[in-house]
Structure formats: structure tokens, C-alpha cells
1. Among the residues that make up the stretch 163-183, is at least one of them modelled with pLDDT under 95 and under 19 Å from the mean Cα position of the chain (by Cα)?
2. Which one of these does residue 207 not meet: (1) over 21 Å from residue 274 (Cβ atoms); (2) touching an Asp or Glu at 6+ places or on another chain (Cβ under 9 Å); (3) at pLDDT 95 or above?
3. Counting residues that are among the β-branched types (Val, Ile, Thr) and either modelled with pLDDT of 85 or more or not assigned by the TED database to the domain that holds residue 234 (or both), which helices (runs of 4 or more DSSP H) fully inside the stretch 1-72 reach at least 1?
4. Starting from residues that are surrounded by 19 or more Cβ atoms within 10 Å (Cβ to Cβ) and over 23 Å from residue 277 (Cα atoms), keep the ones in the stretch 134-162 and report whichever is nearest to the chain's Cα centre (by Cα).
5. With respect to residue 122, is the statement that it is modelled with pLDDT of 95 or more and outside the structural domain of residue 241 (by the TED database) true?
6. Between a first residue in the stretch 292-311 that is within 13 Å of residue 63 (Cα to Cα) and a second residue that is of a type in the set (Lys, Arg) and part of a helix (DSSP H, G or I), which pairs have beta carbons less than 8 Å apart while being 6 or more apart in sequence or on different chains?
7. When you scan the stretch 258-272, do you find a residue that is of a type in the set (Asp, Glu), modelled with pLDDT of 95 or more and within 11 Å of the chain's Cα centre (by Cα), even just one?
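The values are calculated or read from the model by the stated rules, or taken from the named source; none is laboratory data. Keep in mind it's a predicted model, so treat the numbers as computed, not measured. Cβ coordinates were reconstructed from backbone atoms using ideal geometry, including for glycine residues, and neighbour counts include every protein chain displayed.
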Amino acid sequence: MSNVLDQVTSETEYFVMPNMPHEVEFTKCQIPQVMYENLKQFSEERKKADLESFGVIVNSFEEMEPEYVKEYKKTREDKVWCIGPVSLCNKEAMDKAQRGNKAPVDEQQFLGWLDSQKPGTVIYACLGSISNVTPPQTIQLGLGLEASNRPFIWVIRGSDASNEVDKWISEDGFKEKTKGRGLVIRGWAPQVLILSHPAIGGFLTHCGWNSTIEGISAGVPLITWPLFADQFANEKLAVQILEIGVRVGVEEPMRWGEEEKIGVLVKKDVKEAIEKLMDEGEEGEERRKRAKRLGEMANKAVEIGGSSHLNITRLIQDIRRRANERKQLST
């Protein structure tokens, strides 16, 4: 990797990542290790711990990315266990609702609202719990949701929920214009529960891994808005490899403390991405079919006899075998 990056002089020029099962293009600034030079020591320590570990447990399932699992296992002497999606360990609606923090709104309120919507018509928008999107950018996201004329649930949490954004929602007409069509949740929301509702037709996400795999598990196509870290790589997986996503169009990562330096995506970008994802033509229909198939595969993986269920069994056996070997060496 380092040899390839040394040959790339531009931060924004696309190049093909070598030695990958698929032809995937990145820019230098989209690579996590380049993005955070000040975390180089942490990255080296993490890499060292990774190499010294017995193996790696992955929140994924083999059917989704078989070529990459195969290659990763080669580097770890087969000690890689895909045991996900772990979000599917909760099957009942009540279990899904009680995951994580308490939602600031009554679950029955938004579930009742979702029940009133047609299947596959609602956009669920959430840019994660630690995003640092500027107020102007957050407002443009809201304007895009408004302009789409689609029903939506918009979760605003973290630093996105600023006084400026709250004022815009309440006093500048957004709340009134989207009344009955849009539902805004400030703070934590039971994402798995929402995504599993049949009314959800698209997930506008920052492409954090948990959100990405939760969207895939629910069989929901994605609108991708990566911000930093591994999120650009996750976007490539969803859009270029799995072909279940549509890009909003973010090209550069957001750096902490330098958010204002990145250009603001406007409502037009958001509106067009939503329209493309929800398109009822052949392209949109095929994307939805692929997303649905992946959701079905994810659910089968965690069932008894599924690949992830078998990997959990194999993991337990490998740990026991390892413990016995170490015990024998110490006697």
C-alpha cells in the first residue's frame, strides 16, 4: 500500500487500488491512513496488535464479500471469523427498540407514522452519532429531503443538532413545509427497528460500518455520504462492488477542526441522489432486488447452519484448541 501511495502525488487524483478482486478507484485523501497523519502512531500500534493477535472476528458475513474474506484469511492463516451481521441477533421488534439508548420520541409514534406510509417509499436519513457536519451542510441536507417530495425520517444527533439547525427547522418553514411527510428525531433513534420496517425504501447514511451492515441486513438500498475514516471504502463496497447504493457525491473527507474547508453539498445533490435511488425504472428496480437478496443472505447467515452461525462454532472450537495447546506447553 505505502509503495502505491508514494507514487501518487495528487490528493484528489483517482487511481486503481492494486491486487484487489475488483477494480476499485480511490483518491489518496480517501485512504484512512493518509487522512489522519497525526494518528500514525496509533495506526502502527493497532497494526502491531493486529499481527500479534490470534485472529480477527469480523462483523460481516461471507456471502456478501467472499473474495475479500478469502484473501484476508490468507494473510491470517485462516484465523478470520465472519460472525455477522450482529445486529440480527435481535429478531423481535421490542428487542430492536431497546438496543442502545432511549429514543427521545415514543417508538409507537414513529412506528405508527411508518405504518401509515406505503411500502418502500420512506427515506431514512442519519449521518451517525459522531459526525461533525457543519450547520450549513446539515441545512442543505434538510432542504434536499424537502425538495425530494418523498416521506422521510431524519435523525439529527451529535454536533449536527446545533441551535442554528434547530432554529431553521422550527422557525424558517421546514417543519411546516414537511408536516405529515417528514419526521425529525433529535438524538438517538432505534435504527435497526426503523430500517426493518417495510415502509423504508432508502437509507441515506455516512457509511460507518455498523450503519452500512445494518442497512444491508435490512435489504435496504443506500444513499452514501461518507465523512471520514473507513467510510469511503465502505461506500465503494456498497456502490461499486455490491451495486446497492447511489453516491451523493462527496469526494474529500472531513477533518476534525477543518470542517469549514470542505465545500458544501447543496440540496440539488441530495435531491438527485434520492431520485436516482427511488427511480422506478429498470436500474432502480435491479438495485432494489440486489439489496433485498443481500438482506435475505444476511438473515440466513446467522440462522442455525448458516455461515456466520458455523463460524461462531468454529471460533469457539479454535479458542478451546488454542487454550489447550498453551496449557500443554506450560506443563
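1. No, every residue in the stretch 163-183 fails to be modelled with pLDDT under 95 and under 19 Å from the mean Cα position of the chain (by Cα).
2. If we test residue 207 against (1) over 21 Å from residue 274 (Cβ atoms); (2) touching an Asp or Glu at 6+ places or on another chain (Cβ under 9 Å); (3) at pLDDT 95 or above, just (1) comes out false.
3. Once the helices (runs of 4 or more DSSP H) in the stretch 1-72 are filtered for at least 1 residues that are among the β-branched types (Val, Ile, Thr) and either modelled with pLDDT of 85 or more or not assigned by the TED database to the domain that holds residue 234 (or both), what remains is 2-7, 32-35.
4. Within the stretch 134-162, the match that is nearest to the chain's Cα centre (by Cα) is 157.
5. No, not satisfied.
6. Partner pairs satisfying both residue conditions: 306/300.
7. Looking for residues that are of a type in the set (Asp, Glu), modelled with pLDDT of 95 or more and within 11 Å of the chain's Cα centre (by Cα), one finds none in the stretch 258-272, hence no.
Here is a yes/no grid of residues against (1) of a type outside the set (A, V, I, L, M, F, W, C); (2) farther than 27 Å from residue 253 by Cβ; (3) not assigned by the TED database to the domain that holds residue 253:
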{"residue": "131", "(1), (2), (3)": "yes, no, no"}
{"residue": "137", "(1), (2), (3)": "yes, no, no"}
{"residue": "156", "(1), (2), (3)": "no, no, no"}
{"residue": "175", "(1), (2), (3)": "yes, yes, no"}
{"residue": "197", "(1), (2), (3)": "yes, yes, no"}
{"residue": "201", "(1), (2), (3)": "yes, yes, no"}
